[in-house]
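The values are calculated or read from the model by the stated rules, or taken from the named source; none is laboratory data. Keep in mind that this is a model prediction, so the values were computed, not measured. Positions of Cβ are backbone-derived with ideal geometry, glycine not excepted, and every protein chain shown enters the neighbour counts. These accessible areas exclude ligands, DNA and RNA; they are computed on the full protein's heavy atoms, side chains included. Shrake-Rupley method; radii C 1.70, N 1.55, O 1.52, S 1.80 Å.
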Amino acid sequence: MRKVVAAGSILVDKINEIGAYPKAGELTQIRALSRAPGGLVPNTGCDIHILDPEIPVAAFGAVGDDDDGRFAVAELKRRGLDTAGVVVKPAATSFTDVMSVPGGERTFFTYPGASADWGFDDFPFERVAAGDIVLLGYFLLLAKIDAGDGLKILKELNRRGVETAIDLVSENSDRYGLVRECLPYVDHLIVNEIEAARIAGTEGELKDVAEKLFELGVRKRVIIHMPEKGVSLLKDGTWTETLSVKLPKGFIKGKTGAGDAFCAGCLVGIFNGLPEREILDLGGVAAVGALSAPGAVDGMRSAAELKKLISTF
């Protein structure tokens, strides 16, 4: 049976609610503690399965042999993902300490942990088959993936007839060449407008940037999303634009995971063979789900439920 695989970053977000961020040398009290799985695999993988429970989703990645690792895997299983492809490493599970202050401002401290040590030798190629879609990421965050293992994984997936997509973190650096060299092995590139321009090495009209990404090797589809719209360019030159949903005042409860949600919605549409406009619309619908709650996955609902919600705006 065809499936989607979310492969790469698995971590635990440890959320510390504080009254105010202290200056150097000062103390502040943590008022409440919570944690949630984060990273590409929990965020995008869970979103896909929630949006369309008929799509089997497998999780590939690494955790540590610790309480955080067991928590992350248990949460993935609870949300319906197949976790047989998650390996246990001797390193601690990757985590991010989030300092959250009233008004929604957050500061992040991340520990690379087990995910940084996950790479080609850990990838369970025997668990994928022709026709599957594998989303790999985050590039620019995972040490082994950025050191060449990401490119090796994509090449091997291409050889096996598996469709590929990648995701990355937005970084103000000159490291986007690491992503650029992978493009000839990427079927579906789904990124925001900043990432698209930095990978392409050029700025300008979105269509010009998308065309440059095809020149650099993308195989089937470039999708670029930004707050006001989503656009798509296919290999045959077909160009599609859709405007974002106009949200009621006060609707947005948090922006964490909105990009992951848009990617998840698009992959659901691609997996189901929907027309390009419907693919982009589904990405926008999924982003609305992410924006409706503070956590990355907390607000996600089925595509039908989200469309019904949007119809009331």
Query raised in the report: Within region 17-57, restricting attention to residues that are among the hydroxyl-bearing types (Ser, Thr, Tyr) and touching a residue at least 60 places away in the same chain (Cβ under 8 Å), which residue is least open to solvent (accessible area, probe 1.4 Å)?
Result: 44
Requested in this report: Restricting attention to region 273-299, report how many residues are in contact with a strand residue (DSSP E or B) (Cβ under 7 Å, 6 or more places away or on another chain), over 11 Å from residue 245 (Cβ atoms) and open to solvent by 10 Å² or more (accessible area, probe 1.4 Å).
Outcome: 4
Query raised in the report: Residue check: is residue 97 surrounded by fewer than 18 Cβ atoms within 10 Å (Cβ to Cβ), modelled with pLDDT of 95 or more, out of contact with any Gly (no Cβ under 9 Å at 6 or more places or on another chain) and over 30 Å from residue 270 (Cα atoms)?
Result: no
Query raised in the report: Could you count how many residues in region 58-79 are open to solvent by 10 Å² or more (accessible area, probe 1.4 Å) and more than 22 Å from residue 291 (Cβ to Cβ)?
Result: 10
Report summary line: Residues in region 208-254 that are of a type in the set (D, E, K, R), in contact with a Gly (Cβ under 9 Å, 6 or more places away or on another chain) and either in a helix (DSSP H, G or I) or open to solvent by less than 20 Å² (accessible area, probe 1.4 Å) (or both) total 2
**Report entry** Verdict on residue 91 being open to solvent by less than 40 Å² (accessible area, probe 1.4 Å), in a loop (DSSP other than H, G, I, E, B) and in contact with a strand residue (DSSP E or B) (Cβ under 6 Å, 6 or more places away or on another chain)
**Finding:** yes
Query - Residue within region 261-274 that is without any contact (Cβ under 8 Å) to a residue 60 or more places away in the chain and part of a loop (DSSP other than H, G, I, E, B) present - result: yes
